[in-house]
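Worksheet: one structure, shown below.
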Amino acid sequence: MGTLVSNSVYIALLHYPMVNRNGALVTTAVTNMDLHDIARSARTFGVKKYFVVTPIEDQHELVTRILSHWQSEHSRQYHPDRVEAVSLVQLARNFDEVKAVIRAEHGCDPEVVMTDAKLFSNSVSYADYRRELADPARAAKPIILVFGTGWGISQTFYPEVHRILAPVYGPEGPPRGDGSPEGYNHLSVRSAVAIILDRLFGQ
């Protein structure tokens, strides 16, 4: 599994196209914690690159300033582990830019694997997808795990998707839909990334 991860696994955090709680199409804001914490998870599990995808120029300027801080000589001396993790972050304005970077590296488009808190009829379990990735007969194709923000990824993105991973459930199982506390699964995206990477690539 180590060769697979280090050579061909990417993650992307989308800030567009997202939906809000009313189902409207929106662009969400990039947060400092998502940059740091997801980068550290990416580095821990050997992900090759972590794309932060937003079309808003002001957000690009903000992220660039944050990343520049972690490229300073002071940061390299006092926080080398953080610097190493944040070096995996790459900004993109849209998902086409992300695919272009991966295509230039591998000569083909990646398998796009969407994550979601909802269960789809064609969702694949982590155990099954981990077995697929470990199969020596599997074609050597890069994969990108796509994570959403806000209230989830808009259906306008679905034509890009090849596979959908099952939701992350705790011991209470899936939500019951009647307002009861059972089935609580409102994880932060930072937590979801760490859990999913561990399920697919952890020891």
*Add +1 for every Lys or Arg and -1 for every Asp or Glu among the other residues with Cβ under 14 Å from the Cβ of T64, and state the total.*
-1
*Taking the Cα-to-Cβ direction at K118 and at R199 and moving 7 Å from each Cα, how far apart do the two end points lie in nm?*
1.8
*Distance check, please: which entries in K48/K118; K49/K141; K49/K118 exceed 18 angstrom between their Cα atoms?*
K48/K118; K49/K118
_Amide H contacts under 5 Å for G152, placed H, 5+ residues apart_ = V19
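Within the chain, what's the longest run with no trypsin sites (Lys or Arg not before Pro) in a DSSP loop and at most 13 other beta-carbon atoms within 10 Å? Give the range, please.
Details: sites that count: R21, K118, R138, R176.
In short, 22-117.
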*Which longest uninterrupted range of the chain lacks any GluC sites (Glu not before Pro) assigned by DSSP to a loop state (not H, G, I, E or B) and surrounded by at most 15 other Cβ atoms within 10 Å?*
1-171
_Mean-position separation - Cα centroids, the stretch 128-203 and the stretch 38-65, in angstrom_ = 19
*Tell me, what ³J(HN,Hα) does each residue in the stretch 9-19 have, in order and in whole Hz, if you take phi through Karplus 6.51 cos²θ - 1.76 cosθ + 1.60 with θ = phi - 60° and put x for Gly and Pro?*
10, 10, 10, 9, 10, 8, 10, 7, x, 10, 10
_Net +/- balance of residues flanking A92 in space, Cβ distance below 11 Å, scoring K and R +1, D and E -1_ = +1
*Can you work out the FRET efficiency for the pair N185 and S68, with r the C-beta to C-beta distance and R0 = 35 Å, to the nearest 0.05?*
0.45
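Mind putting a number on the dipole of the chain about its Cα centre? Charges go on the C-beta only, +1 for Lys and Arg and -1 for Asp and Glu, and I need it in Debye to the nearest 20.
On the way: 20 positive and 22 negative charges, 55 e Å.
The dipole magnitude comes to about 260 debye.
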*asked:* Quick query: amide H of K49 versus all other amide H atoms, modeled in the peptide plane; which residues come in under 5 Å with a sequence gap of 5 or more or a different chain?
replied: I11
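If N is the number of residues in the stretch 7-77, what value comes out of its Cα radius of gyration divided by 2.2 N^0.38 Å? Each step should come with its number before you reach the end.
On the way: Rg = 14.0 Å, N = 71, 2.2 N^0.38 = 11.1 Å.
Normalised Rg, Cα atoms only: 1.26.
Here, each number is a calculation from the coordinates, and none is a lab measurement. Just so it is clear, the structure is predicted and the values come from calculations on it, not from any experiment. Reconstructed Cβ throughout: ideal geometry from the backbone, glycine too, with neighbour counts over all protein chains shown.
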